[in-house]
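To start, the structure under review is shown below, and the notes come after it.
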Amino acid sequence: MKKIAILGSTGSIGTQALDVVRQRREEFSVEALTCGKNIGRFREQLLEFSPKMAAVAAEKDASILKQEFPHIDFLYGEEGIIAAAAHSDAQVVLNALMGMMGLVPTYEAIQAGKDIALANKETLVAGGSVIMKAAAEKRITLLPVDSEHSAIFQCLQGNERKELKKILLTASGGPFRGFTSEQLKQVTLSQALAHPRWVMGSKITIDSSTLMNKGLEVIEACWLFDAAPEEIQVVVHPESVIHSMVEFDDCSIIAQLGVPDMRIPIAYAFTWPHRWENSSQSVDFFQLKALHFEEPDLKTFRCLKLAFDAMAAGGSYPVVLNAANEVLVQKFLEQKIGYLDIAEGIERALERHKGVAQPGLAEILEIDRAVRKEMSAG
């Protein structure tokens, strides 16, 4: 039986992960769960899965839930998340947290010897050097959950890394594929939140529309697969059936295909190196009929270009990119800034930054805090 801890169990990835567990209850044991403020949904999960420990954001919520579930050990805040991540009985920790709050729990889970099912891009975007070094030292496995990185991981199984020529990272193109810069000036919040293929949280949906999500995935792929930015090519593929591809030195290309269903890569991360039958649908090629591919428009969707530039600059620049983006996306969600202000604000933050070549964990967190403070005040 695989023993699992899920950080962020009430979000999109967390709830789908519990769907996977539900399908094979005899194969999985849920040891720990964490959530932020969605206490109603969390209460239902606690009742169904009865973990040994749970963590919430607020102390008040922890106290109330403790009265309802006396057999569960409750904690709260960042310490609670870290305790869940390092839970002694968990073998695999699914990090489905949002943003930078996923970095420290991932690090602590690695220090505790846990394999990581990683759905939190920011962990590697901001802390890639620290996380990959810790993972190598502890000899744990980082199992990517993002559909694109899971696809690359699957394509590389049984193939030597030295034979890799290029990673072809697919992108749906988001709701504004084909738009001009002039059209993007008029984008509303409701339009940006209407993704054509995936159902996700609001922050990641905005990132997908600006192509920043793909930029973060480029940086994440560099760390996961020991690749340089120039070895990664983004391919816009609106059907979202090919989740990514890998080209080898002999010009052979291996692709991973599947319907847009996050339960497939989640299940693979949980069951690797095996594949278990699940309830997802198969691709119907006769219904699909055609697949389309386009180059990304880096001039119009500047966030993707900024992500490539930040990774090429290295060091602390991806930390700044991520922090600035998180603050600006939140401002856009609150309708305090316009859509194109996101990319413009990120570019200014990168231009102002004086890079640190090899920041440690404490430096990364401090740079992140400083950028957020500056961006919030601006």
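Throughout, read-outs are computed from the coordinates displayed, never taken from laboratory work. From a predicted model like this one, the values you see are computed outputs, not experimental measurements. Methodologically, a virtual Cβ is constructed for each residue, glycine included, from the backbone with ideal geometry; neighbour enumeration extends over all protein chains shown.
Pairs from the list 299/354; 3/133; 66/373 with a Cα-Cα gap above 32 Å: 66/373. Taking the fewest neighbouring Cβ atoms within 10 Å as the starting point, the ordered list for 250, 115, 368 is 250, 115, 368. Fully extending the segment from residue 250 to residue 133, taken as 0.36 nm per residue of separation minus the present Cα-Cα distance, adds 39.1 nm. Pairs over the 21 Å Cα-Cα cut-off, from the set 138/166; 166/305; 185/336; 114/166: 138/166; 114/166. Here r is the Cβ-Cβ distance between residue 194 and residue 309 and R0 is 22 Å; the resulting FRET efficiency, rounded to 0.05, is 0.15. Applying 1/(1 + (r/R0)^6) with R0 = 35 Å to the Cβ-Cβ distance of residue 275 and residue 369, what FRET efficiency is obtained, to the nearest 0.05? With a Förster radius of 35 Å, E is 0.25. Each of the peptides 76-87, 179-190 was scored by the mean count of other Cβ atoms within 10 Å over its residues; in descending order, highest first, they stand as 76-87, 179-190. Taking the Cα centre of segment 2-144 as origin and assigning +1 to Lys and Arg Cβ atoms and -1 to Asp and Glu Cβ atoms, the resulting dipole is close to 260 debye. Summing Cβ point charges (Lys, Arg +1; Asp, Glu -1) relative to the Cα centre of the chain gives a dipole of roughly 500 debye. Along segment 178-184 the Karplus relation, 6.51 cos²θ - 1.76 cosθ + 1.60 evaluated at θ = phi - 60°, assigns HN-Hα couplings of x, 5, 8, 4, 5, 5, 5 Hz to successive residues, with x for each Gly and Pro.
Please check which bits of segment 214-256 a label hung off residue 288 would reach, taking the label as a point 7 Å along Cα-to-C-beta and the cut-off as backbone N under 15 Å. Residues passing the 15 Å test: 237-246, 254-256. Were the residues from residue 24 through residue 41 laid out at 0.36 nm apart, the gain over their Cα-Cα distance would be 4.0 nm.
Here is the list for segment 253-347: trypsin sites (Lys or Arg not before Pro) lying in DSSP coil, each with at most 13 other C-beta atoms within 10 angstrom of its C-beta, are 275, 289, 299, 336.
Applying 1/(1 + (r/R0)^6) with R0 = 45 Å to the Cβ-Cβ distance of residue 157 and residue 352 gives a FRET efficiency near 0.60.
Each of 74, 301 was scored by other Cβ atoms within 10 Å of its Cβ. Listed from fewest to most, they are 74, 301.
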